[in-house]
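Take a look at the structure below.
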């Protein structure tokens, strides 16, 4: 955020000296390697009551959330009872039998009392687990309000049959049996069902037939133009298929043997596990037979997902359209989790960094899920993709993994590879990086695990009709050169991220180096790409053209000199949504970063253009599409999570919740709600739930927040009070206490609060 001087009128967080000897509740939400659901087996994709205390040799049908590392992390949630609760110490015990754990004996491991505030990712160095073995653990937590401490209940987990500290523990995919929401029964022998939501699934039909017969089953994501049948030839990469099924007289249950797709089951694709079986996305299912042959059809499907907690988040506002867009994107993230790793969509089922970045942010905020994100990051570090900007994004992905988990194992184990993805090896004498100056040596490519050379992409697709251009795709007519501004903006972003990563890995000299390198590079970038005559960023050194991408990335990454912010953001707004659904993440982020969140919200809510989330829903999809409309990408699919940016923008930008130290030890709250009169949200972190609510009337702003225990929130209401502060502010009321204020031309106020519920009211005359 651009800042003027702030007036700090209240600092609410104080280290509590109060000692309450009563119990404040048990630690709960115990996670091993960030997984809470470790205690039970799954059979054929469904959870069962059998605990993992006993081994299970039938791995064809049985799965569990096996712990795959020799040295796993342990985390827990501290009950949020009372204000300003901070952990002061903990003790973890691990046993290989219930008797010892119940008696508080750690026959495998006992940490002793650790005077440490880490409650999210404690990794014992001297705990060595054995393969395929059950373990129990408990934690005793002391806080500034409970000095005697309270033990948690015991938590059970089982290790995998092979252990590797470079592996990622994760939950198995699960199935959910769903029944059709509406069924149309026609006398002509046609039955059609609508499940209301598209999902990756397997159809299951309970059919009552008058005689043995062959029937036709249609499944697909959309209906024909007249709405009378399932479209089995929908075009693009929208899914639709026809199957023949032999039914027997009487009532029986039938499953369709789905045909695998050649492209999305290729060598680079993520494979669906055998215990799940092939899946396809569909919303509609139709049965066709001769009149009188089929008497009744019960339509069901087995939807496949990673087991995400849908109740982990919520978002509501005074705009029903915004709420619908959020829910649309949130469901899309769940629906596209069908492989347990972030992929691009059903056409390829391949992980790409850009897709993973948007999916990762959305999954953190909407579901509080970290293991799936980490699994994807590890995969991409080993199997990076070809676009230059995507390669640079590996640093961003790794930094987010640390920022949201507080666990430095991934970045420590892969530090050299992550560092190589800054692409500093491609830096030239002018201080900029380029993929086109002969520096992509075999040694360089090996350092980032690439077999072929990188190619600049800017945005994708690049070959269809674009906004206000006869051609040029989603690049807004970007002029490609040897030194491209978008590539170099991403390079700057990696230098900034390496400061955090280096500090976390205890490489302080490296951190200092990257801090200076980032500052120096920003100066060089602005000198090279900022066109003083237009006050805009040019696409490349040898062109005067300014695509919106060349401007919104510097805006999002905080590279713009303050005096140029208005000209750059005015231009971004003038160009409109002249980018892909992926680029929209950074276009809107850039507007919020430059204090233009009100306009950012309006762009999200646009309904009179094909380049909008409203248009996607209008097309009939219930999962975000690969591009705004088939007009812009004729081979698009209807199940691409890289279009889900509103699921994270709702929290990161509108509510302004951003972790500023690992795992929300400290987080910033800087809401920008524009013209919204009411907005509220809930997101789940490894420390617990954050809730925020803002209500604005002509005479009062009411801000309420619930901060989890062992966490601190730095709150600024400066953006909300920008217009409000020009009136006559009488006083602020903080947790019921009046605080008199001077009359201000810009009411800019900041607060620091500890855990618990806090209410801030700003009242005018």
Report, in whole Å, the centroid distance computed from the Cα atoms of region 598-622 and region 155-191. 31 Å
For region 229-335, what's the relative contact order in percent, using C-alpha pairs closer than 8 Å and at least 6 residues apart? 20 percent
When you count, for each residue, the other Cβ atoms within 10 Å and take the mean per peptide, how do 674-681, 71-78 rank with the highest first? 71-78, 674-681
Pairwise label distance in nanometres, residue 430 with residue 541, each label 7 Å out on the Cα-Cβ vector: 0.3 nm
Would you list 764, 329 from fewest to most Cβ contacts within 10 Å? 764, 329
Going by how many other beta carbons lie within 10 Å of each one, how would you line up 691, 757, fewest first? 757, 691
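How much length would be gained if the chain were fully extended between residue 177 and residue 763, taking 0.36 nm per residue of separation minus their Cα-Cα distance, in nm to one decimal?
Gain in length upon complete extension: 205.8 nm.
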Mean Cβ-within-10 Å packing, highest first, puts peptides 522-534, 499-511, 344-356 in the order 344-356, 499-511, 522-534
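Can you tell me the length gained on complete extension of the stretch residue 267 to residue 678, counting 0.36 nm per residue apart and subtracting the Cα distance?
Gain on extension, residue 267 to residue 678, equals 143.1 nm.
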So what is the calculated 222 nm ellipticity per residue for the chain, using -39500 (n - 2.57) for each DSSP H run with n of 4 or more, over all residues, to the nearest 500 deg cm²/dmol? -7000 deg cm²/dmol
With N residues in region 232-381, what two-decimal value do you get for its Cα radius of gyration over 2.2 N^0.38 Å? 1.26
A student applying the Cα gyration tensor rule (rounded when a/c is under 1.5; otherwise prolate if a/b is larger than b/c, oblate if not) would label region 225-282 oblate
Convex hull around the C-alpha positions of the chain: the volume in Å³ per residue is 174 Å³
Could you tell me, in Å, what Rg and Dmax come out for the Cα atoms of region 310-654? 18.9, 55
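Please state the relative contact order of region 28-158 as a whole percent: Cα pairs under 8 Å, 6+ residues apart?
29 percent
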Rounded to the nearest 5, what % of DSSP beta bridges with both residues in the chain are antiparallel? 95 percent
Contour minus end-to-end for residue 151 and residue 531, with contour as 0.36 nm per residue of separation and end-to-end as the Cα-Cα distance? 130.6 nm
Whether region 600-727 is rounded, prolate or oblate, judged on the alpha carbon gyration tensor where a/c under 1.5 counts as rounded: oblate
Ranking of 265, 280 by count of other Cβ atoms within 10 Å, fewest first: 265, 280
Can you tell me which of 146-154, 125-133 comes out highest on packing, and rank the rest after it, using the mean Cβ neighbours within 10 Å? 146-154, 125-133
At a threshold of 8 angstrom on Cα-Cα distance, excluding pairs fewer than six apart, so keeping six or more, what relative contact order does the chain reach in percent? 13 percent
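Any read-out appearing in this document is the output of simple, stated calculations on the displayed coordinates, not a laboratory observation. What you see is a predicted model; the values in this text were computed from it and never measured. Note that each Cβ is placed from the backbone with ideal geometry, even for glycine, and that neighbours are counted across all protein chains shown.
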